[in-house]
Structure formats: structure tokens, C-alpha cells
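All of the numbers you see were taken from the coordinates with simple rules; none came from a lab. This structure is a prediction, so every number in the text was calculated from the model and none was measured. So basically every Cβ, Gly included, is an ideal-geometry build from the backbone, and we count neighbours across all protein chains shown.
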């Protein structure tokens, strides 16, 4: 029997990523957004053609949201130029995923969208 349970967290992040995606399919071939989710870690990424080989797509991760079950909270991380994840300050934690998404949208310190 197939599990048809809806994961509200995945639904929330999927809705946000869909809001980022360009409406025009032609633009999506040059710039798009996606996510991965394994039940406790969500990674948001930008998809663009490789500068050296336009037929090859590359994913550039820009935000990581991790759920810590023991604390019942979500932590937000951003990708440094070094390729390492760093806890986003000053508001890196929340018990609500929607609050974390609002912090990413605001991007007050230009860590996610440049």
C-alpha cells in the first residue's frame, strides 16, 4: 500500500520554490530554482547552464534549512564563498518553517540572493 501522507514541510518549501521560478519556460532554461528534501534537511539551489558548457546544468546551493527533532526547531544556514555552510545570524532558528522562509525572502544581509 502506497503512503499518501502529505508532508506539510515539503509542501511549504515546494510552494516557496515555485514562487521563485520564472514563469517563462525560455527563461527557466537560463535560470531556475529547485530544492532537495530528505525529511529533516532542505537545500535550496539555483540552476543555470555551466558557463563553459551551456548544455550542462549546474546547481548552486544557497540555503540549507535543518530540523532538529530534539529541540523541535529549524536552523538556517547560508553557503559561504568557501563552499562551507554557516549558521545564519542573527535569526538562525525558529520552531516554524514559514518564519525561516520569511528570513530567506527578506535576505537582509544579502547571503542568499547576492
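Data for the structure
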read-out: Selection within the range 65-114 - within 22 Å of residue 9 (Cα to Cα) and loosely packed, with under 10 Cβ neighbours inside 10 Å; value: 69, 70, 72
read-out: Counted residues, the range 93-104 - those being without any contact (Cβ under 8 Å) to a residue 60 or more places away in the chain and under 14 Å from the mean Cα position of the chain (by Cα); value: 4
read-out: Breaking point among (1) farther than 19 Å from residue 106 by Cβ; (2) within 11 Å of the chain's Cα centre (by Cα), for residue 44; value: (1)
read-out: Filtered residue count, the range 16-33, keeping only those that are under 21 Å from residue 84 (Cα atoms) and exposed (fewer than 14 other Cβ atoms within 10 Å of the Cβ); value: 0
